[in-house]
1. I want to check the label-to-label distance for ARG529 and ARG58. Put each point 7 Å from Cα in the C-beta direction and report it in nm to one decimal.
2. Order 268-276, 83-91 from most to least packed using the mean count of other Cβ atoms within 10 Å.
3. Read phi for every residue in segment 9-19 and hand back ³J(HN,Hα) as whole Hz from Karplus 6.51 cos²θ - 1.76 cosθ + 1.60, θ = phi - 60°, with x for Gly and Pro.
4. Quick one: with all protein chains in place, what share of the accessible area of segment 109-239 is carbon or sulfur, to the nearest percent (1.4 Å probe)?
5. Testing the spin-label approximation: label points 7 Å from Cα along Cα→Cβ at THR367 and VAL133. State their distance in nm.
6. From the backbone phi of segment 114-128, what are the Karplus-calculated ³J(HN,Hα) couplings (6.51 cos²θ - 1.76 cosθ + 1.60, θ = phi - 60°) in whole Hz, Gly and Pro given as x?
7. Residue by residue, what Karplus-based ³J(HN,Hα) values in Hz, rounded to whole numbers, does segment 237-242 have, using 6.51, -1.76 and 1.60 with θ = phi - 60° and x for Gly and Pro?
8. If DNA, RNA and ligands are ignored and the probe is 1.4 Å, what is the ranking of ILE321, ILE310, ILE434 by accessible area, most exposed first?
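The values are calculated or read from the model by the stated rules, or taken from the named source; none is laboratory data. Owing to the predicted nature of the structure, the values given are computational and were not obtained by experimental measurement. Cβ atoms come from the backbone with ideal geometry, glycine included; neighbour counts cover every protein chain shown. These accessible areas exclude ligands, DNA and RNA; they are computed on the full protein's heavy atoms, side chains included. Shrake-Rupley method; radii C 1.70, N 1.55, O 1.52, S 1.80 Å.
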Amino acid sequence: ERLLQEHAEEVGRTNLLLKDEMQEREKAQHELALAEERYRSIFENAVEGIFQTLPAGRILHANPACARILGYGSVADMKQAVGDLRSDLYANGRDRDRFVQLLVSEGMVSHFETQLIRADGSRIWVALHSRAVRDRKGGLALIEGIMEDISDRKRAEEEMQRANRFVRNIIDAMPSIMIAVSADSRITHWNRAAATHYGIAEEEAAGRAFLDILPRLYALQEVIDSALATGEMQHRNRLDEEYGGEQRVLDVMVYPMEAQDGARQAVVRIDDATSRVRLEEMMVQTEKMMSVGGLAAGMAHEINNPLGAILLGVQNVLRRIEPGRRPNETAAASTGVSLERLQAYLVERKVLELLQGVRAAGERAATIVANMLEFSRRSETRQTRVYVGELLDKAVELARNDYDLKKKYDFRQVDIVREYDPELPPVFCNSTEIEQVVLNLLRNAAQAMYAEGASERRPCITLRTMREREYARLEVADNGPGMDESVRRRVFEPFFTTKPVGVGTGLGLSVSYFIVTTNHAGQFMVETRKGGGTTFIILLPLGEEAMHEPLNASLNT
């Protein structure tokens, strides 16, 4: 009986344990069911596509989002339509192969962006996040992952790229040089005009310091720093730049701006203002010419009268002390004076030399007045058809007779190079006046090349003719010492000269300017740099008749 009692108690305890175990199992099964239900809910309702495939490409499992992303009505439809996702879904075979290689080698792939083909044949951008499930031998057994639709982001990126390309094309199409620099003055953008002007590609300029690329524009660094510090636009006009052997004038504007990361940057805009500045100088020069021309007529009357009296008086004095004239002999005899002794005295005391100096100075003054009168009257001489090459040759022949031992130059020792355009039609001009202009340029060039401190190279003048739009272009270029910018700007001003006192009047180029621009409706310019020679450029209108007339017909006229 006691044994039966112990056995019954043991059975009771076992039943209790079994009951507890059954309750635990039921609880576990319930929790498992809940977990499966949660997983199923997540799987079925997830926004991203969830999939499981075999390495061979067959889809084992997929959620509705996966089918929806790929354009199928249900997962069953997708499984039926997609037998091998490697050939049926990937738009780019290289992407598929790279994806599998990464899975095999890395075991996991994140943010792998590629295009897949939807049910209707369209393409969709997706980002794949996958891992490899391996078998016991380490081989690839399954591929599990998440598929994220990134088409909207890709479209936004493409739109941004198109907008960036559009803005970049606008900036590259601008004739202005546009350079963006960071807060530490390193180049972040370099447009096509900058690459063309400086001969430096954007790839070479990007990331380098501004002054490393453009050391000649050191004056701009202060302007950039000011724009970055104040946040206000900075402007500098007429900034001189020498690049590629040419002297240019620049207008510069610096605009501050903020980058996407909040850092401050600056955009430097550089415009070549050389042509505009030259035009402004030409307009100022024309105003000066008109001003001098208006004064010339009145001044000539006021100056010529006393000047004529001075020259006439000097002439009469010299004649009345000259031996051999009967009136002089008679007057000297009546006063008991010997003309020979008087002449000896005047020579001894250099009176005759002083009188000759007075006459020379008066004649020089008369020449100045005559030159000034050129500004007050337009030439009435009839213009004729002239071949400029012949005109230049004639001016050279006249210049060959020009030599001066005192000025230490001889035009006959200057080499002349002719570069004439044989197709250039004749121009209508006053040949005498244009010849005077060219002769003046030739003399100035010769004197400059023989001047003290000029180049030791053999003096050479190059004469060129060519057609430039509706103009005949004449160039007189020398290999002399050239001019600095301050002299170039004033070279056409009346009475401005770099020659010593008594050597030049300063009216030669100003008269030439008047002849070309006013008498012939042309243009007169100069290009020069210190130590690099000087080129004077004359543009004479061809005229409608000369522009349209065949060259042979002109030659037969």
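1. 7.9 nm
2. Values: 268-276: 17.6, 83-91: 15.7.
Output ranking for 268-276, 83-91: 268-276, 83-91.
3. 5, 5, 5, x, 5, 4, 4, 4, 4, 5, 5
4. Details: 3860 of 7570 Å².
Taking all protein chains in place, segment 109-239 shows 51 percent carbon and sulfur surface.
5. Distance between the two pseudo-spin positions: 11.0 nm.
6. Here the 3J(HN,Hα) series is 7, 9, 10, 9, 7, 4, 8, x, 6, 10, 9, 8, 10, 10, 9 Hz.
7. In residue order, the calculated couplings are 9, 6, 8, 6, 9, 10 Hz.
8. Numbers: ILE321 30, ILE310 85, ILE434 0 Å².
The most accessible residue leads, giving ILE310, ILE321, ILE434.
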